Amino acid sequence: MTNIFDLSGKVAIVTGANTGIGQGIAVALAEAGADIALVGRSIADETAALVRGAGRRAALIAADLATIEPVQAIVDQTIAELGRVDILVNNAGTIRRADAVDFSEEDWDAVIDTNLKSLFFLCQAAGRHMIARGSGKIINIASMLSFQGGIRVPSYTASKSGVAGLTKLLANEWAARGVNVNAIAPGYIATNNTAALQADETRNRQIMERIPAGRWGAPSDLGGAAVFLASSASDYVQGHILAVDGGWLAR
Ligand code: NAP
């Protein structure tokens, strides 16, 4: 029987691939057969070793996505080193925490520019290449705050709600051109991004009480959803925000 999840011969770009969810997704895509361009401002040596250990090629691409300046070079360098772009995972993201009444313009811009503006323009740069070839898979990393309001993270909530909206807009424009655009909304995953929450005893207890699965997620928990949305198994899935949250949204 054909393996509809097989990614052999495919090339994926994963941003923010040195750690956390990006690393988990890059390794899962490699284990499913894809070669990976590992993009980020911190060089993803450890992830590259894991990708190569899975028998796949890894390209290391240095880029700071605080601005859109590197987006075209990311696509060009991936094509130069790995030959094509079949899959884009927009994972790089940042968060700033402060009360809404005190929230600074700098904290607003830093989060929106990385999480939303660079994400859109990287979708555009990769999308042009995919549309020209008539196929491609884009996976944006959303959040529970694509559905909920959150607290003390106004720019993060705005950015992730924007990611959900953009995912649907791009699906509407590109579905008929062979490009699937979807998102994964992780629940509470133990990474650097959530270190402050994990360390806060009260918040940690409140979070744990609401997760039906009874535990924080691990980056590897995102792998199955990423392989699904990157593979032909999801060819008729468009503009969907797939929660991988241990049941958080079901409560
Ligand atoms: P993480 O461990 O802090 O990883 C974030 C990644 O994004 C790192 O590779 C980081 O690079 C990169 N990044 C941040 N700013 C960047 C920039 N300006 N240019 C290039 N790369 C940049 O956090 P994570 O939890 O894995 O987060 C990954 C994604 O999942 C983010 O979009 C986050 O919002 C989302 N998410 C996380 C959770 C969760 O519970 N952990 C839940 C929902 C959504 P550096 O190492 O160089 O900083």
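Quick notes
- Under the span-like rule (Cα at least 18 Å along the axis, Kyte-Doolittle mean at least -1.0), DSSP H helices of the chain: 118-133, 154-174
- For the range 1-103, the Kirkwood hydrodynamic radius from C-alpha pairs, put into Stokes-Einstein at 37 °C and a viscosity of 0.692 mPa s, yields a diffusion coefficient of 233 µm² per second.
- Cβ crowding within 10 Å averaged over residues, with 210-223, 27-40 ranked highest first: 27-40, 210-223
- In the distance distribution for the chain, Cα-Cα pairs more than 24 Å apart total 43 percent.
- Remark on Ala59: its backbone amide H falls under 5 Å from those of Ile36, Ala37, Leu38, a criterion applied only to residues 5 or more positions apart or on other chains, H modelled at 1.01 Å from N.
- Heavy-atom surface of the range 2-240, accessible at 1.4 Å and reported per residue (Å²): 43
- Extension gain, Ile131 to Gln72, is 19.7 nm, computed as 0.36 nm per intervening residue step minus the present C-alpha separation.
- Rounded to the nearest whole Hz, the Karplus-based 3J(HN,Hα) values (6.51 cos²θ - 1.76 cosθ + 1.60, θ = phi - 60°) of the range 180-191 follow the sequence 8, 10, 9, 9, 10, 9, x, x, 8, 10, 6, 8, with x at glycine and proline.
- Inter-label distance for Ala62 and Ala80, nm, one decimal - labels placed 7 Å from Cα along Cα-to-Cβ: 1.4
- Burial ranking of peptide ranges 62-68, 142-148, 183-189 (average Cβ count within 10 Å, highest at the top): 183-189, 142-148, 62-68
- Lysines with Cα under 17 Å of Lys117, excluding same-chain neighbours fewer than 8 positions away: Lys160, Lys168
- Per-peptide packing, taken as the mean over residues of other Cβ atoms within 10 Å, places 5-13, 225-233 in the sequence 225-233, 5-13 from highest down.
- HN-Hα J in Hz across the range 240-251 - Karplus 6.51, -1.76, 1.60, θ = phi - 60°, x for Gly and Pro: 9, 10, 8, 6, 10, 9, x, x, 3, 6, 6, 7
- Using a probe radius of 1.4 angstrom, the carbon and sulfur fraction of the accessible surface of the chain is 51%.
- Under Karplus coefficients 6.51, -1.76 and 1.60, residue-wise ³J(HN,Hα) of the range 83-95 in Hz, glycine/proline x: x, 5, 10, 9, 9, 10, 10, 8, 10, 3, x, 9, 9
- Here the sum of -39500 (n - 2.57) over DSSP H runs of 4 or more residues, divided by the residues of the chain, equals -12500 deg cm²/dmol at 222 nm, to the nearest 500.
- Straight-line reach from Lys137: taking Cα to Cα under 12 Å and skipping same-chain neighbours fewer than 8 places apart, the aspartates and glutamates in range are Asp86, Asp235.
The values are calculated or read from the model by the stated rules, or taken from the named source; none is laboratory data. For clarity, every value in this text was computed on a predicted model and none was experimentally measured. In this analysis, Cβ positions are derived from the backbone assuming ideal geometry, glycine residues included, and neighbour counts consider all displayed protein chains. For accessibility, only protein heavy atoms count, side chains too; no ligands or nucleic acids. Shrake-Rupley method; radii C 1.70, N 1.55, O 1.52, S 1.80 Å.
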